[in-house]
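Peer 1: Below: one structure in structure tokens.
The values are calculated or read from the model by the stated rules, or taken from the named source; none is laboratory data. Keep in mind the model is a prediction, meaning the values are calculated, not measured.
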Amino acid sequence: MKTFTQNEIAKFLGIKQPTVSKYFNGKLEISAKFASKLNKKFGIPFEFWENPKLHLQENNTKSKKSEQVMKGAKL
């Protein structure tokens, strides 16, 4: 899965990176228009914006668990 930087998302939306950071940290509520654009361009589901911090924490936890499994696997 490709990841995108906040700068790439900001450039696409035509806004500044600190604003994107506020969206992802749940400090600003994202508009339906921006959510739709992000869904079409980056595949970010609408549900993500209901609680972005929670979704980011869940993904981070899953990623760490996957890394632990890979470290323990004998290749």
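Peer 1: How many of the residues in the stretch 16-37 are β-branched (Val, Ile, Thr) and part of a helix (DSSP H, G or I)?
Peer 2: Initial filter on the stretch 16-37 (β-branched (Val, Ile, Thr)): 19-20, 30.
Still in the running and part of a helix (DSSP H, G or I): 19-20.
Total meeting the criteria: 2.
Results for (1) of a type in the set (D, E, K, R); (2) modelled with pLDDT of 85 or more, shown as yes or no for each residue.
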position	(1), (2)
Tyr23	no, yes
Ile30	no, no
Lys33	yes, yes
Asn39	no, yes
Pro45	no, no
Asn60	no, no
Lys65	yes, no
Met70	no, no
